[in-house]
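The values are calculated or read from the model by the stated rules, or taken from the named source; none is laboratory data. Since this is a predicted model, take the numbers as computed values, not measurements. Neighbour counts are summed over all protein chains in view; Cβ atoms, including those assigned to glycine, are modelled from backbone coordinates with ideal geometry.
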Amino acid sequence: MAQNTKDRRAARREKSERNMNRAVILLIAGLVAEWYLLMVDRYYARGTIDQVVGWYDFLGVLRWVALAAFAAGLALLALRGRPAWVARLGGVLAGAGGFFAFTSFAMRHYHPVSVTVMCVLVPVLLVLGIVCLFYQPEFSAQAAALAMGIGALALLNRSGSAAVKTCAALALCGVAAVFAAALALKRNGGVWKHGGKETRVFPANADYRLTLGVPALCFALVLAALFAPAVAFYAAWALAAAAFALAVYYTVKLM
């Protein structure tokens with residue numbers, strides 16, 4: 001019994017250290033990405049004519065370089081029997097290439113709104129990543145739904161344009177996907193089945209009331225705001241308060 005307890009403590013310590021290392025890497029990557037986007041916002045979205053033209057041409061070249069890096073990264077990851085450093089290099093190339101290719105395309109074709117959106121999106125994804133590393137998987141699912149809901153409501157509160165409504169509709173699809181995935185996991189006892197394999201996502205004794213209720217609430221409020229824009233402001237604050245309450249609740253559960 002004592003040996004089993006010692007082994008469990010060692011496993012928890014190892015997992016904690018691994019997650020801490022991943023969080024540091026994620027934080028560094030997020031800060032670099034945000035610094036880059038803020039530079040683009042300063043000199044491309046709000047720059048002079050010469051700066052805008054220069055950045056437009058630069059983003060056009062960067063898009064193809066990033067796509068090449070993304071393809072090279074995928075090729076390295078697909079190699080069989082690859083050394084660990086090759087896998088790490090492939091992950092870096094695929095991640096960086098995908099980020100710069102996507103942002104370059106978006107910022108060239110949806111200027112300047114896309115720059116502002118991505119400047120906000122990167123910190124949100126950074127926080128969600130840290131939540132996934134250190135908090136319960138149930139809270140990770142709820143936080144993802146809340147982030148999409150609050151983001152859609154914030155956009156709807158500022159504008160009722162077709163582009164904003166499209167973003168809100170995409171957020172609704174994302175929230176619905178979180179709800180559907182949680183419902184499927186509930187039916188399978190917290191296990192995700194894929195390709196004949198089973199992966200435990202939620203604990204066997206997980207309480208699904210919040211995990212299903214939060215996405216349902218987000219979906220209802222965003223849908224209401226699409227048809228009644230005046231609701232968006234109050235609904236966004238309601239979801240923000242819910243996010244804070246859930247963060248406190250799950251933090252206490254970690255102790």
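Quick notes
- Only one of 237, 192 that is within 14 Å of residue 154 (Cα to Cα) and without any contact (Cβ under 8 Å) to a residue 12 or more places away in the chain: 237
- Pair list, Cβ under 6 Å, 6 or more apart: region 163-181 residue more than 29 Å from residue 111 (Cα to Cα), other residue not charged (D, E, K, R): 178/141; 178/144; 178/145; 178/215; 179/215
- Residue in region 7-18 that is within 26 Å of the chain's Cα centre (by Cα), modelled with pLDDT of 85 or more and either surrounded by 12 or more Cβ atoms within 10 Å (Cβ to Cβ) or closer than 24 Å to residue 133 by Cα (or both) present: no
- Counting the residues of region 84-140 that are of a type in the set (Gly, Ala, Ser), in contact (Cβ under 8 Å) with a residue 40 or more places away in the chain and under 30 Å from residue 253 (Cβ atoms) gives 1.
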